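Below is one structure, written out as structure tokens; comments come after it.
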């Protein structure tokens, strides 16, 4: 029988080394992210906090392969994201990473179940397996009875729950959430953060969640603070 998982021997799920991103705005160079060194262990829920413009979204975009760094490297499960070709990035985002955004991003003409099913169709999951996975996920986020409702028939909190279910559809190893409670009231936002906490445990995923809401960060295993594009502190184990 094997013992508990030794995080030090299998390597981190996410690692960045000197990661940076610059943008040219006219004659001015904006340092959106500078020299970011980060390690996120498997199964961790890490909150990234900081004010708007601190670099949270840039960091998540570089880790998720939505943008390319101008300095340093980002690794997901040991693979360098910045060195991947376009088709490799597509596969990474479809199969290994789930994204959750502040604006939900649901397709208005599709039901909750059909929205969750989209990622499964993209990887050509067999119909019965798709149906079973969608049902399990909607029950997981407490929306089993709302499967046939369209986004306009759901509250903001319910829409974000659908978005979480969709992000989990292909059993990703990593969840990247950018201000997932930004459009929700504080009570609903805390419920969503608690759900993400439970999902990390039940699905065995790693999660990086950007937020500026101090009420939510106490549910994280660890908190990383960004200021002016730099990591300035890390709290937790």
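A quick yes/no check of all residues on (1) closer than 24 Å to residue 76 by Cβ; (2) in a loop (DSSP other than H, G, I, E, B); (3) at pLDDT 90 or above; (4) within 13 Å of the chain's Cα centre (by Cα):
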| site | (1), (2), (3), (4) |
| --- | --- |
| 171 | yes, yes, yes, yes |
| 176 | yes, no, yes, yes |
| 195 | yes, no, no, no |
| 218 | no, no, no, no |
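Go through segment 68-100 residue by residue and tally those that are surrounded by 20 or more Cβ atoms within 10 Å (Cβ to Cβ), more than 12 Å from the chain's Cα centre (by Cα) and closer than 24 Å to residue 166 by Cβ.
Total satisfying the criteria: 3.
Right, residue 234: at pLDDT below 85, in a strand (DSSP E or B) and closer than 14 Å to residue 50 by Cα or not? Give the derivation first.
Details: at pLDDT below 85: yes; in a strand (DSSP E or B): yes; closer than 14 Å to residue 50 by Cα: yes.
Criteria met by residue 234.
Do you know which residues across segment 151-169 are touching a residue at least 60 places away in the same chain (Cβ under 8 Å) and either in a loop (DSSP other than H, G, I, E, B) or surrounded by fewer than 19 Cβ atoms within 10 Å (Cβ to Cβ) (or both)?
168, 169
How many of the residues in segment 220-237 are more than 16 Å from the chain's Cα centre (by Cα) and over 26 Å from residue 31 (Cα atoms)? Give the derivation first.
Let us first name the residues in segment 220-237 that are more than 16 Å from the chain's Cα centre (by Cα), namely 225-237.
Keeping just the survivors that are over 26 Å from residue 31 (Cα atoms) gives 236-237.
Number satisfying all stated conditions: 2.
Within segment 35-61, can you find the residues that are more than 24 Å from residue 201 (Cβ to Cβ), outside any strand (DSSP E or B) and over 14 Å from the mean Cα position of the chain (by Cα)?
Scanning segment 35-61 gives 50, 51, 52, 53, 54, 55.
For the condition modelled with pLDDT under 95, surrounded by 20 or more Cβ atoms within 10 Å (Cβ to Cβ) and under 22 Å from the mean Cα position of the chain (by Cα), what is the one hit in 123, 141, 134? Before you say what the answer is, go through the steps one by one.
Numbers: 123 fails: surrounded by 20 or more Cβ atoms within 10 Å (Cβ to Cβ); 134 fails: modelled with pLDDT under 95.
None of the other options fit; the residue is 141.
Out of (1) part of a helix (DSSP H, G or I); (2) in contact (Cβ under 8 Å) with a residue 24 or more places away in the chain; (3) more than 20 Å from residue 61 (Cβ to Cβ), what's the single condition that is false for residue 119?
Result: residue 119 passes all but (3).
The values are calculated or read from the model by the stated rules, or taken from the named source; none is laboratory data. Everything quoted here is computed from the prediction, not taken from an experiment. Cβ coordinates were reconstructed from backbone atoms using ideal geometry, including for glycine residues, and neighbour counts include every protein chain displayed.
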